[in-house]
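Here is the structure we will look at, set down as C-alpha cells.
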Amino acid sequence: MHSRLILKKLIVTGDGKQDAVINFHEGLNVIAGASDTGKSFAFECINFILGSSEVPSCPPEAKGYQTVYMEIKDSCQQEVFTLRRDFSKDDNKSIFICYSEYKDIGQNTFEKLSSTHKAKKSLSKKL
C-alpha cells in the first residue's frame, strides 16, 4: 500500500516574530495574491524543507525568521508528523522529524535526518 502524504501546515518562525502560517486543506490548494506578497517564498520554504540545498531567499518581510516547519498527514497510517529545518547556513543540511502535530512538538523530540537522499538516515528514506 502506498502512502498518501497531505500537507497540512507551513509555519515559519523566528525569535520575537509572530509565526507565519499557511494552512492547507485536503485536495487542491492555490496560493494567489499580488506581487511581492510571499508566494515564491512559501514555495521555496516547502522545497527547502523537503530537501533542497537552496536556502529560501528571504524577502524583507521575512527577515528574522529562522526556522521552517511543515506538518504532514500520512492518510494511510492516519498519523501526523512535523518536519523542521533551519535557515542557518551552519546547520541547514539537517532535517528534523517529530511524530506529532506542530502544536504538540514541545512535548516530543525530533529525530535528525539528512537532506541528502543517499544518506543512511535521510528524509527520502523516511517518507
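Which condition does Glu61 not pass, out of (1) in contact with a helix residue (DSSP H, G or I) (Cβ under 8 Å, 6 or more places away or on another chain); (2) at pLDDT below 90, if it passes all the others?
In the conditions (1) in contact with a helix residue (DSSP H, G or I) (Cβ under 8 Å, 6 or more places away or on another chain); (2) at pLDDT below 90, Glu61 misses (1) alone.
Touching a Leu at 6+ places or on another chain (Cβ under 8 Å), under 17 Å from Leu5 (Cβ atoms) and either surrounded by 16 or more Cβ atoms within 10 Å (Cβ to Cβ) or not acidic (Asp, Glu) (or both) - does that describe any residue in the stretch 38-46?
Yes, the stretch 38-46 contains a residue that is touching a Leu at 6+ places or on another chain (Cβ under 8 Å), under 17 Å from Leu5 (Cβ atoms) and either surrounded by 16 or more Cβ atoms within 10 Å (Cβ to Cβ) or not acidic (Asp, Glu) (or both).
Checking the conditions here, which among Ile46, Ile72, Ile22 is in contact with a helix residue (DSSP H, G or I) (Cβ under 7 Å, 6 or more places away or on another chain) and either modelled with pLDDT of 90 or more or part of a strand (DSSP E or B) (or both)?
Exactly one of Ile46, Ile72, Ile22 is in contact with a helix residue (DSSP H, G or I) (Cβ under 7 Å, 6 or more places away or on another chain) and either modelled with pLDDT of 90 or more or part of a strand (DSSP E or B) (or both), namely Ile22.
Phe81: surrounded by 13 or more Cβ atoms within 10 Å (Cβ to Cβ), modelled with pLDDT of 90 or more and among the aromatic types (Phe, Trp, Tyr), yes or no?
yes
Here are Lys89, Lys118: which of them is part of a loop (DSSP other than H, G, I, E, B), in contact (Cβ under 8 Å) with a residue 24 or more places away in the chain and farther than 21 Å from Arg4 by Cβ?
Of the residues listed, the single one that is part of a loop (DSSP other than H, G, I, E, B), in contact (Cβ under 8 Å) with a residue 24 or more places away in the chain and farther than 21 Å from Arg4 by Cβ is Lys89.
Determine the pairs where a residue that is farther than 15 Å from Thr13 by Cα, located within the stretch 38-51, has a partner that is of a type in the set (Lys, Arg) and in a helix (DSSP H, G or I) with Cβ atoms under 9 Å apart, the partner being 6 or more residues away or on another chain.
none
For Leu113, indicate whether it is under 16 Å from Leu7 (Cα atoms) and surrounded by 13 or more Cβ atoms within 10 Å (Cβ to Cβ).
no
Testing Gly14 on (1) touching a Gly at 6+ places or on another chain (Cβ under 8 Å); (2) at pLDDT 90 or above; (3) farther than 17 Å from Tyr102 by Cα, one condition comes back false. Which one is that?
The single condition Gly14 does not satisfy is (3).
Scan Val80, Val68 and give me the residue that is over 23 Å from Phe41 (Cβ atoms), in contact with a strand residue (DSSP E or B) (Cβ under 6 Å, 6 or more places away or on another chain) and aliphatic (A, V, I, L, M).
That would be Val80, the only listed residue that is over 23 Å from Phe41 (Cβ atoms), in contact with a strand residue (DSSP E or B) (Cβ under 6 Å, 6 or more places away or on another chain) and aliphatic (A, V, I, L, M).
Which pairs do you get when a residue that is free of Cβ contacts under 8 Å to residues at least 40 places away in the same chain, found in the stretch 64-80, comes within reach of a residue that is surrounded by fewer than 21 Cβ atoms within 10 Å (Cβ to Cβ) and part of a strand (DSSP E or B), reach meaning Cβ atoms under 9 angstrom, with the pair 6+ apart or on two chains?
Pairs found: Glu79/Lys73.
Residue by residue through the stretch 25-43, note down the ones that are among the charged types (D, E, K, R) and outside any loop (DSSP other than H, G, I, E, B).
If the condition is that a residue be among the charged types (D, E, K, R) and outside any loop (DSSP other than H, G, I, E, B), then Lys39 is the only one that fits.
The values are calculated or read from the model by the stated rules, or taken from the named source; none is laboratory data. Because the structure is predicted, anything quoted here is derived from the model rather than measured. Methodologically, a virtual Cβ is constructed for each residue, glycine included, from the backbone with ideal geometry; neighbour enumeration extends over all protein chains shown.
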